[in-house]
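To keep things clear, I will list the structure first and then write my remarks on it.
The values are calculated or read from the model by the stated rules, or taken from the named source; none is laboratory data. The shown structure was predicted, so the numbers you read here are calculated from the model rather than taken from an experiment. Heads up, the Cβs are rebuilt from the backbone with ideal geometry, glycines too, and the neighbour counts pull from every protein chain shown. Ligands, DNA and RNA are stripped out before the accessible areas are found, and what is left, the full protein with its side chains, is counted by its heavy atoms. Shrake-Rupley method; radii C 1.70, N 1.55, O 1.52, S 1.80 Å.
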Amino acid sequence: MSAIAVKHSSVIDESVAKLISRAADSRGLTADDVRPRVEKSLTKYLFRDNENASPSDVRTFVDELRADDLCLVLACEKNDSAAWEFLVSTQDSTVRSAARKIASSAEDADDLASSIWAELYGLKHDADGKLKSKLSYYSGRGSLGGWLRAIVAQLAIDEFRKQSKLVQVEEPREFDNLASESTEKQENRGFLSQRDNPEDIFGDKQMTGDVSKALKTAIASLGDEDRLLLKLYYFDEMKLKDLGAMFGYHEATASRKLARIQVDLRKTVEKTLREVHRWSEEEVRRYLTETASKLGISLERLVTLFIFALIMQDFLR
Amino acid sequence: MDFEFDNEMDAILKRTRAGDGATFETHPDADEIAAFTERALSDASRQRLTAHFADCGRCRTILSTTFVFEPEEATVAAAAVSTETAPLPWYRKLFVFPQLAYTMGALALLFSGFFGYVVLKNVGGTNDVAMAPKAKSSAPTQTADTKPANAPASTNTTTNAPTNAAPAANMPVAAATTRPTPVEVDGAEDVETRGPSATPPVTVAVRPKDDATRDKVAEREPERVEPLPLPGQNQSQQVYNNTQRNDGLGSVPNNSGVQGTLSSPKTEPKVNEDRSYDQKSVDETTRGAESDMARKKAYEPSKSVNGRNFTKRAGVWYDPLYKNQTQIKVRRGSDEYKALDADVRSISEKLGGTVVIISGTKAYRIE
């Protein structure tokens, strides 16, 4: 037990008793069964960010834990067969549904779901001879269904990344390489003008490099939430409605925030190009407006391409 | 000299190469990711994880994938809760789905009830005229002189279909069903011979001239006009009401004779060939008002959720265990709501709208 937990021992005892009484089915668990998990949750979420948490904070935190889900998980860890039956019967559809959405075939989805259940049950034993189950990581803070969905996503993404590394992949492409390749496309009319003069070609490449650096600076200067919002929208292709639901505001607000971020990015890029790379006003205007319009894309798509390149670097690492 | 590839150093170096600020130890686990998607974290935890997700592609992919896995109804509920608009006033709440369906259904029912009442009132209005005493009759029966309602010639004198000069007994009034007391008007034959009239039809019966027939008609006339059937009413009752409305009852001005146009539907009412329903229908109509309340009560919607049979009253779903305990108001999406048991929240999500649920000894009113 951590020092902070010792300090709040009586409050934790009281809150644990209340949690057990709050559960519709406590499954025969006692305070001794529940308390260690509650302390772990408190340490992980409350005391980590707030060492001076008050007794009231501790009570509120424990009151917000999912009593039924937590008792079910703890009972399963105690090898309560009725609890396991209930867990499988109520959550198997959640696991399979999530697996089907991410797997490429029904067979892969079944394999993924089976792997999840195997991990939940526990494949190895710890020093005390108990099965090491993923259930021990559930804190009760979020819903059990949400946690299982996250487990499926985590397992699937990690598996995909592992397999990706086994395949010979191309080097991550920088923004300027992407732009160069686009010259091959007729409809783009060439991001870089198709000239034979090597000096002109070099000049264009230099300009592209400056823009990519300016974009990188601009994105790094964004706040954490703005940066996350930008990347979730452009790379993870989350809908505005989902973004709003995740962050706790309306879809229209998410749209306004994105528009504001684009404006901020543009201002920062223009400022960086002028001040750091010594571009003239005319060059900035010509590059961002005219050249982008030649591509048939707007600054938004430039940002998308750049972010894509950055993300590919992260993802393939 | 050959060196073996150091996988561990390779992994560490790759992670720190882009300077994403996220080391191996600080990647959030599934529990934190799930709590983040459900907004079940404190502000400090949320900020810490936001910073991580903004720079870590792997964790952000897991985050977005987890969110995509969420059931649609949970996403819709979260989106609805996250709106910044002010709470809706009560008159706007009526038009919020699913209340809109109930509102429209109630309006349709109300309107059709009102319309039926007006129609039947007009039909019954002529009962006040002198023929009223003779209208105090027992159940109407179909006599041999009258043709059944499904015989077009006798029952429907449409504006476009002149009828033959049939005896008065074969007038539209001679339908196989009961009808309001007819107005005492002579000149019933004129109804048959005259053409359409521009006057709007008033659904009244045309009194036949012949006394014997008149008496027989009077016997068939009910004492009062029946309202529209409620859902669940038996077929004979419904047919009775339909034939009431669909009779070819003529429009009659004052006592100067019939002027023609009989309002009648284009389709024949489908009358049960079994004439014994007439008596039964009349008996049932007299008990109609008394059974209205019983029918409405039996029609209260109920729904079984998670093994409990909830009933809906005044737009609110009530737990069968609710016995007027003090209700604790909880709004969906609030912290208090999240603290409720999964079973309670599951019931609340399944029923939708306002729900009163008993959990333990407490009654929660979830809105």
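For first residues located in segment A:101-120 and surrounded by 15 or more Cβ atoms within 10 Å (Cβ to Cβ), partners that are not in a helix (DSSP H, G or I) and lie 6+ apart or on another chain with Cβ distances below 7 Å form the pairs A:ALA109/A:ALA103; A:LEU112/A:ALA103; A:LEU120/A:SER133. Count of segment B:301-329 residues, restricted to those that are under 14 Å from B:TYR102 (Cα atoms) and either in contact with a His (Cβ under 9 Å, 6 or more places away or on another chain) or among the aliphatic types (A, V, I, L, M) (or both), is 2. Considered as a group, the residues in segment A:257-290 that are of a type in the set (S, T, N, Q) and in a helix (DSSP H, G or I) include one that is farthest from A:LYS239 (Cα to Cα), and that residue is A:THR272.
A:PHE202: assigned to a helix (DSSP H, G or I), of a type in the set (Phe, Trp, Tyr), under 18 Å from B:CYS56 (Cβ atoms) and modelled with pLDDT under 85, yes or no?
Taking the combined requirement at face value, the residue does not satisfy it.
For segment A:49-79, the candidate set comprises residues that are outside any helix (DSSP H, G or I), open to solvent by 60 Å² or more (accessible area, probe 1.4 Å) and within 14 Å of chain B (Cβ to nearest Cβ); within that set, the residue that is farthest from A:GLU119 (Cα to Cα) is A:ASN52. Of the strands (runs of 3 or more DSSP E) entirely within segment B:314-359, those holding at least 1 residues that are within 10 Å of chain A (Cβ to nearest Cβ) and more than 23 Å from the chain's Cα centre (by Cα) occupy B:354-359. Criterion applied to A:LEU42, A:LEU46, A:LEU19 was being open to solvent by less than 30 Å² (accessible area, probe 1.4 Å), within 11 Å of another protein chain (Cβ to nearest Cβ) and within 28 Å of the chain's Cα centre (by Cα), and the one residue passing it is A:LEU46. From the list A:ALA82, A:ALA3, A:ALA24, the one residue that fits, being hydrophobic (A, V, I, L, M, F, W, C), open to solvent by 10 Å² or more (accessible area, probe 1.4 Å) and without any contact (Cβ under 8 Å) to a residue 12 or more places away in the chain, is A:ALA3. Within segment A:121-133, the residues that satisfy the criterion of being free of Cβ contacts under 8 Å to residues at least 24 places away in the same chain and open to solvent by less than 50 Å² (accessible area, probe 1.4 Å) are A:GLY122, A:GLY129. Tallying residues that are open to solvent by less than 10 Å² (accessible area, probe 1.4 Å) and more than 7 Å from chain B (Cβ to nearest Cβ) within segment A:220-257 yields 4.
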